[in-house]
Amino acid sequence: MAFKHISLLQQSIQPGHSLTGLLLVASPALGDTPFARTVIYVCAHAHEGGAMGLVVNRRLPKPGLNDVLEQLEIGPIPPLRRIGVCAGGPVDETRGFVLHSSDWKSEGSLSVTGGVTLTASLDVLKDIAEGSGPEDALLAMGHASWGTGQLEEEIFRHDAWLLAPPSREIVFGQDYGAKWRQALAAIDIDPVRLTGQTGHA
């Protein structure tokens with residue numbers, strides 16, 4: 001038996017449809033894995049080229065923003081502006097990615113959607129440290145990635161992820177502990193009723 005509560009969004013996804021810009025919300029099927037109760041923002045997804053995303057609800061206590069800026073020799077320290085630092089995923093955990101609103105960009109920026117951009121260059125961190133930069137921003141250390149067809153199999157065959165629409169609060173908000181429930185609420189799923197409803201016929 002699969003999920004009893006599947007969102008209209010998930011039902012509308014067709015094979016080959018890009019999931020870029022959507023949220024992956026961990027189901028109970030991932031309860032015993034490092035991805036338990038994670039919310040991942042999908043930054044890139046191509047049917048022939050796999051997918052890449054950032055966990056947005058796992059606050060990273062160390063290294064903190066000050067530590068990262070000091071390692072990169074970016075000042076001032078403490079910065080004039082602070083942003084959240086997340087454990088973005090198990091791949092390249094020492095590499096930082098800044099997910100941010102599209103009111104700022106550089107040559108090293110990748111437009112994810114009309115309102116969200118991904119930047120891996122230091123320019124954005126320099127501007128943030130100086131008190132400017134994009135209105136919304138999140139620094140993720142590491143990322144999650146999937147090979148061709150792997151993410152689709154996890155979603156549609158193994159019930160590992162639910163799809164949810166993004167919101168500013170979920171992606172960039174500072175209440176990391178609430179994001180998983182907020183993402184489920186966005187697709188009208190009660191996490192209490194969700195528990196134990198995975199499985200296969």
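Taking E107 as the residue in question, decide whether it is touching a residue at least 12 places away in the same chain (Cβ under 8 Å), acidic (D, E) and surrounded by 12 or more Cβ atoms within 10 Å (Cβ to Cβ).
Details: touching a residue at least 12 places away in the same chain (Cβ under 8 Å): yes; acidic (D, E): yes; surrounded by 12 or more Cβ atoms within 10 Å (Cβ to Cβ): no.
So E107 does not fit the description; no.
Per-residue answers, yes or no, for (1) open to solvent by less than 10 Å² (accessible area, probe 1.4 Å); (2) part of a strand (DSSP E or B); (3) in contact (Cβ under 8 Å) with a residue 24 or more places away in the chain:
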site: R37; (1), (2), (3): no, no, yes
site: H45; (1), (2), (3): no, yes, yes
site: D67; (1), (2), (3): no, no, no
site: G75; (1), (2), (3): no, no, yes
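May I ask you to verify whether L99 is more than 16 Å from A120 (Cβ to Cβ) and either under 19 Å from the mean Cα position of the chain (by Cα) or open to solvent by less than 10 Å² (accessible area, probe 1.4 Å) (or both)? Reasoning before the result, please.
Working: more than 16 Å from A120 (Cβ to Cβ): no; either under 19 Å from the mean Cα position of the chain (by Cα) or open to solvent by less than 10 Å² (accessible area, probe 1.4 Å) (or both): yes.
No.
Quick one: how many residues across region 1-28 are modelled with pLDDT of 80 or more, open to solvent by 40 Å² or more (accessible area, probe 1.4 Å) and either among the charged types (D, E, K, R) or closer than 15 Å to L184 by Cα (or both)? Give the derivation first.
Pass one, region 1-28, residues modelled with pLDDT of 80 or more: 17-28.
Cutting the leftovers down to open to solvent by 40 Å² or more (accessible area, probe 1.4 Å) gives us 17-18, 20, 28.
Cutting the leftovers down to either among the charged types (D, E, K, R) or closer than 15 Å to L184 by Cα (or both) gives us 28.
Going through region 1-28 one residue at a time, the tally reaches 1.
Cβ-Cβ below 7 Å, separation at least six or inter-chain, first residue in region 16-29 and within 14 Å of W180 (Cβ to Cβ), second basic (K, R): which pairs?
If the second residue must be basic (K, R), the pairs left are A26/R37.
If you take the residues in region 128-147 that are buried (at least 17 other Cβ atoms within 10 Å of the Cβ) and farther than 20 Å from Y41 by Cα, which one is farthest from the chain's Cα centre (by Cα)?
Out of the qualifying residues, it is A129.
The values are calculated or read from the model by the stated rules, or taken from the named source; none is laboratory data. Fair warning: this is a prediction, and the values are worked out from it, not measured in the lab. We place every Cβ from the backbone using ideal geometry, glycine too, and count neighbours over all the protein chains shown. Note: areas computed on protein heavy atoms with side chains; ligands, DNA, RNA excluded. Shrake-Rupley method; radii C 1.70, N 1.55, O 1.52, S 1.80 Å.
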